[in-house]
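Q: To start, I am sharing the structure in question, which I have written as structure tokens.
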Amino acid sequence: IVGPFILNLINQEAVANLLWLDEVSLAFIAFAAGSEIKVNEMLDRLKSIGWATFLLVVTTYSVVTTAVFLIAPAIPFLANTSDVTKIAAGLLIGSIMVARSPSSAIAIIQELRAKGPFTQTIMGVTVVSDVVVIAVFAFSASVADALLEGAALNIGFFLLLTIDLSLSLVAGWLISLLLRFTMSLPANKWVKSGVVLAIGYGIYQMSFFI
């Protein structure tokens, strides 16, 4: 409402200059989502989380892709395009819709002070979906590229994605050890808080640099 398209209280240039707020907010949301997950409880529900995530991804992806293809004539930028282009657009939009909202889930859980198996399952599915969507989008982008440009599927891209996610997991594990060591130190809680914030900022800068 306050942005450049309605009231223009924040113009287009200001929006571009404020994008760092999005990135910082995502970091806070990621930490908040992680703090709601109890690993031991989540491990007991891996099968439930796996099936729920699989069914959500397949259902959302297929329904949204089909819906976009069917209503494409009513979408201005797709109305006069070929069926192949409509399918490609549907795949990309469907893959984006696979993502869940950790911030919404956290808000509801905290507002209702919810605890228990169902809550842990929901958080597990939410977090896992945000990882799965990366792979789904990469697959959709490659298929869309193949459909529109006539190029072959890029297998090397999927290999690079696998390596990227694997390195992220290793980095996350190493950082968790550093955080646990920090929290175990016999120091004032404010000092520990400062160190944790410094580690978080360091991770942000490292990811930006990479």
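The values are calculated or read from the model by the stated rules, or taken from the named source; none is laboratory data. Since the model is a prediction, treat every value here as computed from it, not as a measurement. Note that each Cβ is placed from the backbone with ideal geometry, even for glycine, and that neighbours are counted across all protein chains shown. Just the protein is used for accessible areas: all its heavy atoms, side chains included, with ligands, DNA and RNA removed. Shrake-Rupley method; radii C 1.70, N 1.55, O 1.52, S 1.80 Å.
Q: Let me spell it out: the conditions are (1) open to solvent by 40 Å² or more (accessible area, probe 1.4 Å); (2) in contact with a Leu (Cβ under 6 Å, 6 or more places away or on another chain), and K115 meets all of them except one. Which number is the exception?
A: Condition (2) is where K115 drops out.
Q: Among the candidates V125, V195, which residue alone is more than 26 Å from F69 (Cα to Cα), more than 23 Å from the chain's Cα centre (by Cα), of a type in the set (A, V, I, L, M) and modelled with pLDDT of 85 or more? Steps first, please.
A: Working: V125 fails: more than 23 Å from the chain's Cα centre (by Cα).
Selected residue: V195, the only one of V125, V195 that is more than 26 Å from F69 (Cα to Cα), more than 23 Å from the chain's Cα centre (by Cα), of a type in the set (A, V, I, L, M) and modelled with pLDDT of 85 or more.
Q: So N80 clears everything in (1) open to solvent by 80 Å² or more (accessible area, probe 1.4 Å); (2) part of a helix (DSSP H, G or I); (3) at pLDDT below 90; (4) not acidic (D, E) except one condition, right? Which one?
A: Of the numbered conditions (1) open to solvent by 80 Å² or more (accessible area, probe 1.4 Å); (2) part of a helix (DSSP H, G or I); (3) at pLDDT below 90; (4) not acidic (D, E), the odd one out for N80 is (2).
Q: When you check F69 against the structure, is it surrounded by 16 or more Cβ atoms within 10 Å (Cβ to Cβ), over 30 Å from Y201 (Cα atoms), among the aromatic types (F, W, Y) and at pLDDT 90 or above, yes or no? Let's see the steps before the verdict.
A: Values: surrounded by 16 or more Cβ atoms within 10 Å (Cβ to Cβ): yes; over 30 Å from Y201 (Cα atoms): yes; among the aromatic types (F, W, Y): yes; at pLDDT 90 or above: yes.
When the stated conditions are applied, F69 passes them.
Q: Right, here's the next one. So which helices (runs of 4 or more DSSP H) stay within segment 99-210 end to end and still have 2 or more residues that are in contact (Cβ under 8 Å) with a residue 60 or more places away in the chain? Give the derivation first.
A: Working: elements: 102-112, 117-149, 155-184, 189-209.
By residue number, 102-112, 117-149, 189-209.
Q: Given (1) open to solvent by less than 20 Å² (accessible area, probe 1.4 Å); (2) at pLDDT 85 or above, where does Q120 come up short, assuming only one miss?
A: Every listed condition holds for Q120 apart from (2).
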